[in-house]
Amino acid sequence: MKAVLLAGGTGSRLRPLTKLYNKHMLPVGDRPMIGHAIAKVKEAGIRDVVLVTGRESAGAFIAYLGSGREDGLSITYRIQEEAGGIAAALAQAESAVGPDDKLVVMLGDNLFEEPLQSHLEAFAAQPDGAMVLLKRVDDPRRYGVPVFGDGGRIERIEEKPARPASDFCVTGIYFYHADVFDVIRKLKPSRRGELEITDVNNVYAAAGKLAHRTLAGWWTDAGTFDSLHEAWSRMRRRRP
């Protein structure tokens, strides 16, 4: 199992802070935001990490994380030359992934309480397809929302719907086999001109191969000032 951490983007919702720093290098508690994703990967027993970021931010990540040796990890860096969506960022990791590898893909601004281990074990037993982690939220209109069919399987995911079909959202934690890169190559850009991760997941959903589990404990995407403050508060309470 490899971890792919996506830490690019413009961080527009956190300006003007992100005019100076990559969003994922902003402090949350006692470490930069990306440090919490690294801690979750390490806690889960994963040692191989691919970190995708923009050219202008790569030096800061390398200065902070280096090769990963201090954390017992092996970190490979890949550069996303221009913004193009989450699926486009994930595509940059392909050259560092073997054909038989399984991946946990995490957005670097997703902070959460529950360990990943049980979810990794569930996906390791899944012979093909993909898996997403869901979380019940107060305002699902802000997120990708699963639409459930017979038997509780996800039929499709609707992105930021005006009338959500459920009060669950798809978190920024995804599990794929290496064939996800074949799926990405067949995508067409959305109306925003980007390759959307929701479209990737909907390919698996349409084939009946999108599994899901629910994330326990607290979770936030830390992409706005309110959610960043929430993450700070929760991490502060966790300190001894």
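The values are calculated or read from the model by the stated rules, or taken from the named source; none is laboratory data. Note that this is a predicted model, so its numbers are computed, not measured. Neighbour counts run over all protein chains shown; Cβ positions are idealised from the backbone, glycine included. Each accessible area value is taken on the protein alone, full model and side chains, heavy atoms only, with ligands, DNA and RNA left out. Shrake-Rupley method; radii C 1.70, N 1.55, O 1.52, S 1.80 Å.
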* Structure fact -> For GLN92, the net charge from surrounding residues (Cβ-Cβ under 12 Å; K, R +1; D, E -1) works out to -1
* To do: Could you work out how far apart the two model spin labels at ARG136 and GLU43 are, taking each label as a point 7 Å from the Cα in the direction of the beta carbon, and quote it in nm?
  => 2.2 nm
* On the protein heavy atoms, probe 1.4 angstrom, tell me the percent of accessible surface of the stretch 55-205 carried by carbon and sulfur. => 47 percent
* Structure fact -> Computed, not fitted: 222 nm per-residue ellipticity of the chain from DSSP H runs ≥ 4 (each -39500 (n - 2.57)), nearest 500, equal to -7500 deg cm²/dmol
* In the stretch 76-179, which GluC sites (Glu not before Pro) are in a loop and have at most 13 other Cβ atoms within 10 Å, using DSSP for the loop call? -> GLU81, GLU82, GLU113
* Structure fact -> For ARG55 and ARG31, extending 7 Å from Cα along the Cα-Cβ vector and measuring point to point gives, in nm, a value of 3.0 nm
* For q = 0.15 Å⁻¹, what log10 I(q)/I(0) does the stretch 144-217 give under the Debye formula with an equal point scatterer on each alpha carbon and no solvent? -> -0.53
* Can you tell me the accessible area per residue over the chain, all protein chains present, probe 1.4 angstrom, in square angstrom? -> 50 Å²
* Mind putting together the pair-distance distribution for the stretch 1-141? All Cα pairs, 10 Å bins, whole percent per bin, short to long. => 11, 41, 37, 11, 0
* Structure fact -> Cα-based Rg then Dmax for the stretch 111-168, in Å, read 13.0, 36
* Expected-Rg normalisation [2.2 N^0.38 Å, Cα atoms] applied to the chain -> 0.95
* Asked: Relative contact order, percent, of the stretch 1-149 when contacts are C-alpha pairs under 8 Å separated by at least 6 residues?
  -> 31 percent
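So which trypsin sites (Lys or Arg not before Pro) in the stretch 102-167 end up in coil per DSSP with only 16 or fewer other C-beta atoms within 10 Å?
ARG153
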* **Separation between Cα centres of the stretch 76-102 and the stretch 169-211, rounded to whole Å** => 13 Å
* Asked: How many Lys pairs in the chain lie less than 25 angstrom apart by Cα atoms, where the lysines are 8 or more positions apart or on different chains?
  -> 26
* How many percent of DSSP beta bridges within the chain run antiparallel, rounded to 5? -> 50 percent
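Mind checking the dipole of the stretch 71-223: about its Cα centre, +1 per Lys or Arg Cβ, -1 per Asp or Glu Cβ, Debye to the nearest 20?
Numbers: 17 positive and 24 negative charges, 102 e Å.
So the dipole magnitude of the stretch 71-223 works out to roughly 480 debye.
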